[in-house]
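Participant: Here it is: the structure, laid out below.
The values are calculated or read from the model by the stated rules, or taken from the named source; none is laboratory data. Note that the structure is a prediction, hence the values are computed from the model and not measured. Note that we place each Cβ from the backbone using ideal geometry, even for glycine, and neighbour counts take in every protein chain shown. When the accessible area is computed, the model is the full protein with side chains, heavy atoms only, and any ligands, DNA or RNA have been set aside. Shrake-Rupley method; radii C 1.70, N 1.55, O 1.52, S 1.80 Å.
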Amino acid sequence: MLISSPYILYSDGEGNIFEDTSLYATGRSGWDALPVPADEWIELPTGGNLYELPGRKGIGIDVETGEMRLCEKGWAVAAFIPPAHTGLYMAAYETEKDAPTLPLFCYTAAAWLDEKIYVPAVRIEKDIRQEAEGYFEEVIEAGTKHLLEAYPHNRLVKHLMENCCMTYTCPAARNLAIGRWECPVPVSPACNANCIGCISFQPEEETIISTQDRLTFKPSAEEIVEFTVPHLETAPFPLISFGQGCEGEPLLMWETIREAIIEIRKHTQKGSININTNGSMPKAVKALCEVGLNSIRVSTNSARKNIYTSYYLPNNYDFEDLVESLKTVRSYGGWTSINYFVFPGMTDSIEEYEALRKLIKETDLCMIQWRNFNIDPDWYLGKIGVADTGECMGVKQMMELIREEFPNLKFGYFNPSMERIKGNFEVDFAH
Ligand code: SF4
C-alpha cells in the first residue's frame, strides 16, 4: 500500500512519458476526476502498457494548493492493465474539441512514484492462463506449425493459428497452440446485436476500427470436433469456449454447436464446454444444455435494461432474454457467469448496484467476471446519452458489498475449468 499519493504522468506526444511532481494523480469516475485512496494503487502488473492520449490534458491535484488543475506539460497518459486485473478508476483528463476518438482499449489511471508506475486496480483472478510471462514465442510457433500440419483442411484451425494466434496474438489462441487450458472456438460470421464498441465490427462511418476482423465463414461441426476433442483429451484444466472476440453471436449457429457437442461427448467426457454469448436466444441455450453444454458466460455492460439496450442496440431480442438464458443453464445445473464490463462511475452507481443484486438473485448467478471496458470513456457516455452517472460508491467498495451479500458467488476474469466448477474453485495454479 502506498503511503503518499503518486504523481501524474504526461507524454511529449512522441511516445516519451514523464512524471510531473507538481501534481498528484487523480482517477476518473463517470465524468468526474476524483482523488484515489492510497490503498487502491498497485504497481502496474507485468504485461501492462502505457498509452499517450492525443488531444487530452491530464487532471491532477496541485501538491502545494490541493486544488485540481490541468497538467499543461503534455498529453494525458493511461494504462492498459493486463488480464486478471480490474481497474478501479479510469485516467482523468480534459478532452480538447478536435481530439480523436480513442481506440477500443481500456484506459485505467496511471501514476508515478519512486521510479515505479502505479494503477488503481485489483487482481481479481488467480488463474494464470493469460500471464504475459507464460508465453514463449518458440513454443507457440512450434505448436502453430504442428496444428496446421495436423489439420491441413480445417478452415477453423487455419483461422485460429494464422489470424488469431500469429497476427492478433490472441492469448486464448496462443494457449491452444501450446495445448493447454481454454481453447477458443469462434463459429459465427453474423450478430444480432450492434454494440457501440464491438471489437469485431465497426460501421464505416465510425472513426475507430475494430481490433480484429470478424470470421468470414461458417465452420462445420466436423471442423469443430476435429481439433477440440484432442484438446479436451490432452490439455491441463481443459475447456473449450464457443463465442470469441473475432466473431459475431455464436447462438446464431446453435444447430452446428449442438451437433458438435453431441459428437464431442461421444469421444470424451473430459473438460468443460462453455459458450460466451450475448444470451439473446434462451431456446437455443436450452437445446444446447440438453446435449451437454456445461457453462455459459453472458456479456453485458450493465444489469439495467435501459443502459444495456442503449449500448447493445439489439435486433429482435431484449434484456429479458439474457436473464432467461442464465436461468436456463442454472436449471440444468450448469455454471453461469456474466462478462461484466466495468466502467467506473457507471458500474458502481447506486442504481447499477441495486440492479446487479436483483440479477444475481433472480438468476442464481455463479460468477462475475469483472472485465475492464475497452472503450473511449467520453465516446461511450456520449453514445449512450449519459450526462450524469448519479451517486457512486467506488468499484472496490461495490465488490466488497456484493462479496459480503453473496458469499457463494465467485469473482474472476476467466471461464473456470471443470476442476474449479466441480472441485476446489480456489485451486493453486502456480503449481
Ligand atoms: S454481441 Fe459481440 S459480436 Fe455482437 S455486436 Fe456485440 S460485441 Fe459485437
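Participant: Have a look at A172, A132, A221 and point out the one that is under 27 Å from A79 (Cβ atoms) and more than 16 Å from the ligand (Cβ to nearest atom).
Facilitator: Selected residue: A132, the only one of A172, A132, A221 that is under 27 Å from A79 (Cβ atoms) and more than 16 Å from the ligand (Cβ to nearest atom).
Participant: Oh, and also: Which of the following residues is part of a strand (DSSP E or B) and assigned by TED's automatic domain parsing to the domain that holds L239: V298, V323?
Facilitator: From the options V298, V323, the qualifying one is V298.
Participant: Looking only at the stretch 288-313, which residues are more than 20 Å from the chain's Cα centre (by Cα) and surrounded by 17 or more Cβ atoms within 10 Å (Cβ to Cβ)?
Facilitator: L288, C289, L293, N294
Participant: Okay, moving on. For F201, state whether it is under 22 Å from C106 (Cα atoms), in contact with a Lys or Arg (Cβ under 8 Å, 6 or more places away or on another chain) and open to solvent by 20 Å² or more (accessible area, probe 1.4 Å).
Facilitator: In short, yes.
Participant: Of all the residues that make up the stretch 145-168, how many are part of a helix (DSSP H, G or I) and either under 15 Å from P230 (Cα atoms) or among the aliphatic types (A, V, I, L, M) (or both)?
Facilitator: 9
Participant: Here's something else I'd like to know. Of the conditions (1) of a type outside the set (A, V, I, L, M); (2) touching a strand residue (DSSP E or B) at 6+ places or on another chain (Cβ under 7 Å); (3) open to solvent by 20 Å² or more (accessible area, probe 1.4 Å), T228 clears all except one; give me its number.
Facilitator: (3)
Participant: Within the stretch 182-194, can one find any residue that is more than 16 Å from the ligand (Cβ to nearest atom), in the same structural domain as N316 (by TED's automatic domain parsing) and touching a residue at least 24 places away in the same chain (Cβ under 8 Å)?
Facilitator: yes
Participant: Same structure again: Taking helices (runs of 4 or more DSSP H) that do not extend beyond the stretch 330-431, which have at least 1 residues that are closer than 28 Å to N294 by Cα and basic (K, R)?
Facilitator: Output list reads 350-363, 395-405, 418-422.
Participant: Let me ask something else. Out of the stretch 58-82, which residues are buried (at least 19 other Cβ atoms within 10 Å of the Cβ) and either among the hydroxyl-bearing types (S, T, Y) or farther than 15 Å from A111 by Cα (or both)?
Facilitator: Correct list: P82 only.
Participant: Could you check the stretch 16-29 and list, in sequence order, the residues that are small (G, A, S) and surrounded by fewer than 21 Cβ atoms within 10 Å (Cβ to Cβ)?
Facilitator: S22
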